[in-house]
Structure formats: structure tokens, C-alpha cells
1. How many residues does region 237-264 hold that are closer than 12 Å to ILE7 by Cα and surrounded by fewer than 23 Cβ atoms within 10 Å (Cβ to Cβ)?
2. Does region 381-411 hold any residues that are assigned to a helix (DSSP H, G or I) and crowded, with 21+ Cβ neighbours inside 10 Å, and which are they?
3. Could you grab me the full set of residues in region 1-23 that are part of a loop (DSSP other than H, G, I, E, B) and either at pLDDT below 80 or open to solvent by less than 10 Å² (accessible area, probe 1.4 Å) (or both)?
4. Would it be correct to say that ILE214 is assigned to a helix (DSSP H, G or I), modelled with pLDDT of 90 or more and either among the small types (Gly, Ala, Ser) or open to solvent by less than 70 Å² (accessible area, probe 1.4 Å) (or both)?
5. So, in region 24-55, how many residues would count as being among the hydroxyl-bearing types (Ser, Thr, Tyr) and open to solvent by 30 Å² or more (accessible area, probe 1.4 Å)?
6. Just one of the numbered conditions (1) at pLDDT below 90; (2) part of a helix (DSSP H, G or I) is not true of LEU274; which one?
7. Only one residue in THR94, THR110 is on the phi < 0 side of the Ramachandran plot, assigned to a loop (DSSP other than H, G, I, E, B) and among the hydroxyl-bearing types (Ser, Thr, Tyr), so which one is that?
8. So which residues in region 276-292 are open to solvent by less than 10 Å² (accessible area, probe 1.4 Å) and either of a type in the set (Gly, Ala, Ser) or under 23 Å from the mean Cα position of the chain (by Cα) (or both), if there are any at all?
Amino acid sequence: MLINCCIPTYLTGSALISLGLTWWQAIIAIVIGNIIATIALILSSLPGAYYHIGFPVFSRAVWGIWGSQFVVWNRIFLAFGKYGFQSWVGGQCTYLILLSWDPEFEKHITNKIPAETGMTSSQFIAYVIFCVISLPFLRIRPHRTQMFFYFASSVTLVFFLVLLIWALATMGSDGFGDTLKYGISTPLTGDRYSTVWLMISGIMSIIGSIAAGILNQNDYARLARRPGDAIWGQVFAFPFYSIIASVIGILVTAATQNRMGEPVWNPPLLFAGLLAKNDSAGTRAAVFFAGLALAISQLGSNIAGNAFSGGIDLASVFPKYINICRGAYIIAVLSPVVNPWRLVNTATIFLTVLSGYGVFLAPMTGLMTAHYIFVAKMKVNVDDLYAGNRTSIYWYTKGINWRAPLAWTIGVAPLLPGFVAAVNPAVAVPDNVIELYYMNYPYGFLSSGFAYALLHYVVPDDSFDAFVQNSSTAKEVQQLCDDRWDIPYIEALEVDDNRFKENSNKAGPSADSAACI
């Protein structure tokens, strides 16, 4: 709920309506997009739910012990950019709080920052305040953040509902603005400007915006007590809250359009505009609580979606020096390097890149799904995921499973021309190239997954194939993992020590070893 009840999800309607869709077509696209995203999310989280392993660890099974560095570093760099951008949005929410205390705050802070940077000194102060407030929360370990996330989710959901009730109750006789009437007259079918293709584009942008979270969902699914908790806990909640937040964004914008003089999609800008029109005590109090609720929303979603995800990935790359907490702090401290205030100035391009980044992430997710379900037949030798030498069945060819990058390329290469044209409209490409790009997530997911499974079938790896073909069933392997997962930590250490002593007396790992740590 926390990831989906946030400002970016609230803004989804604006992105779709700006494409030329009507409000009801946008809602249909939102529903379909979230259903597809939920299916991909559940499939991606299966290894974590059953074997209690995170995204960077399971990536070793797919890409090889060393080959997994490619996909992990992709996620790390994405975390830097998204954490910086989300922190700047959080700074805008903090700016609302400061404005509620002093409506003339902007005038009272002398601006010494050049206009071309896209920010003022007062806005930068709000950004710094939000970043500093975020730092103590990064010390909380991921498995202990549940209560904070419950609190942040509740605050965000209540705020959005109150915002909707207020907007509808105070819109007066003018009613809704033409946001609910807006839509470009286009043919139902035909070229890429037809309604069907515009809806497909909208659906893919919705999936692409959450593609990074889908890819690394194992980082959180692994913490579930039972597989069903991770699966059923997301089946209904994930699409429901995303759809609700998006629809609320459309309705609130339409209900406030006439009084604001134009559709204002961004909540911080909406409340800043209301305060500029009326700086009474009541309005200032409303702006303060709105800023506080939005800041809490950004804090929670940024920590869960970017700081912890990047921290987990960094900890997997440098386990000797970095733990999850240190990794999260590195993400936070270095995130200003991406100049998030400049990204806001080019928000359309930046959001296009973020949603279009699914071009690269969908094939990675497809590889993980194909490996777990079809290639490995839902068996994972977790012990071998931590063996950085040729004794591991996931060593493949010098630590790299060459099938993965080849299959990933098959899913990415045909989409690149359309991706470039989407980011830079000056680049001219044929309509069929754009239409293929509009289908980027299902194409990348399915084509890379199929190619990966086919390559493993045609050119199997002997060690890995021997493990998959052994007499143990997937349920037995999973049960062994659950048995070790449920015992106290000190007992787990004793079990691991005994297994290490037993294995050290053998010439090599047995084909049917399937342990979990």
C-alpha cells in the first residue's frame, strides 16, 4: 500500500490523460496495467517467498555467481536516481510545512542560487531538511520496519480519502472541470495514434513505473513467514491501492480545476496555490497537515523502494565492508549527485526514461521467472549461491551463465529504437517500431524468458542440470529450506557448521544438496 499510495501514483492520471485518453479510458488502462503488474510481481517474488533469498542472491542462480553483478549494479544505479528524485519531491512536501508557518517564506529567504538550476534557496533548504529527517530511519533494519510502514501507509491512505472528500464537498455549483471531458478525438484502431495504441502505451507506462519494484520484490518476499503471506498479501492489495490512488488523483484534479483556474495534478502545487489564494489560519493548518502527510508518504516509499533496495544490493556486492544499513546511507548521501532539482525541470523526459526503463528490467524479470519455474523446476540450491568458486552449480562458465546475457539482449535490442524515439521525439522511426516499444514489458518479459529456457534446453549446464534432475522434488527442497529457516539462529549456525565439516570431507558437492541459509 505504501509504495502505491504516493504522489507518483496519484499523478498517473495526468500522464495518461495528457496522452489524449479520456478519464474513463485512463482508468481502464490503470486497471489493466496494475493487473499485469501484479501477475509479474507475484511470479518475481516466488523464489524469495519459498527460499527466503533476496533479489541479488537469486540473481546468481540466473546470471552466474559473477554474471549477476551486471543486473545488481543496474538496480544500484537506478536506486541512486530514484532516491534523489523522490527526496526532492519529499522536499516539496516539506516546503509546504514551511509555507504553512510563514506564507512569505520564499520572500524571507534570499535566493542565491542561479535560476538555471531549477530551484531557489528556500526550496533547497526544504530538500535538505527532508534528507536529514530521512537519515535516522535508514538505521532501522528492513525486517523491523513493519510498524513504521503500517503507520505511514495509514496516514497516506487517510490523507488521500480526506483530500477526495474535501475536493468533492467544496467544488460548489461549478462542478467538475473539463478534465473529465478532456480527450483527443482519435480512431479506435489504426496507427500508433489510435485509441487502442494510446491505451496500450498507457498500460505499459504504468507497468514500467513499478518495474524496478517488481524486479527486486524478492528482497521483501523473503521476509514472509509463509509463502502464502507473500503471495496472497499482494494479490489484492497491490492493484487495489494503486487503482484507488490513481482514480483519486483524477477526481481531485477535476474537482479543483475551476477554483484553481487550471488542472493542478501535483498535490504540493495544489496546496501551495490554495495558500496563495487564502492564507487564513484554517488554510495554513490544512496546508501543514497536508505537507506532513505527504512528507510521511514520501519518506516511507523512498526508504522501502530505493534506500533499502539499493542498500541490499550494495551489501551483496561488498559484503565484507557494507551491510544493508551502510548501503542505504551510501545511497542517501550520494543521491544528490544526480541533481534531482534538474530532473524536475525535465520531468517529462525523466519520467519517460523511468517508465521506459522497463525495456531493460522486463527481460531481467522474465529471466528470473523462466529460470525458477521452467529451467530449475522451482528447485534452488541456496548453499551454492554463496560459493564463489567452481564447486557451485551456479558457476556455469567462469562464473557467468552466458545464456542469460544472450537472452536478455534478445528481449532488449528490438525495443531500443522505440525507446530512443520516446525519449527524444526528434528521432523518427517507423510506426511498427513505436508499436513494438508500446508492448515493451510483455515482449521483453516473454521473449527473454523463452529464449533463456530454450538455451538451457538446447545447451544445458551439466552440474546445474544434474541438480535439477535429481530425485528430490521441489516440495522436498523447499521443505528443507523451511525447516532451517524456522529454527533459532544459534541452532542454524550449528547446523551449518556440521554441514561444512561433512562437505569438507567430500571431494565435491553432491548433486542433490539443496540447503538453505
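1. Step one: list which residues in region 237-264 are closer than 12 Å to ILE7 by Cα, which gives 242, 245-246, 248-249.
The next check asks that each one be surrounded by fewer than 23 Cβ atoms within 10 Å (Cβ to Cβ); those that pass are 248.
Number satisfying all stated conditions: 1.
2. Applying the first criterion (assigned to a helix (DSSP H, G or I)) to region 381-411 yields 382-386, 403-411.
Hits for region 381-411 are VAL382, ASP384, LEU385, ARG403, ALA404, ALA407, TRP408, GLY411.
3. Filtering region 1-23 for residues part of a loop (DSSP other than H, G, I, E, B) gives 1-6, 11, 19-22.
Listed by number, the residues that qualify are MET1, LEU2, ILE3, ASN4, CYS5, CYS6, LEU19, GLY20, LEU21.
4. yes
5. Selection size over region 24-55: 1.
6. (1)
7. THR110
8. Filtering region 276-292 down to residues open to solvent by less than 10 Å² (accessible area, probe 1.4 Å) leaves 287, 290-291.
Once the filter is applied, which keeps residues that are open to solvent by less than 10 Å² (accessible area, probe 1.4 Å) and either of a type in the set (Gly, Ala, Ser) or under 23 Å from the mean Cα position of the chain (by Cα) (or both), region 276-292 yields ALA290, GLY291.
The values are calculated or read from the model by the stated rules, or taken from the named source; none is laboratory data. Remember, predicted model here, so these are calculated numbers, not experimental data. With ideal geometry, Cβ positions are generated from the backbone for all residues, glycine too; neighbour counts draw on all protein chains shown. Remember, those area values only see protein heavy atoms, side chains included, never the ligands or the DNA or RNA. Shrake-Rupley method; radii C 1.70, N 1.55, O 1.52, S 1.80 Å.
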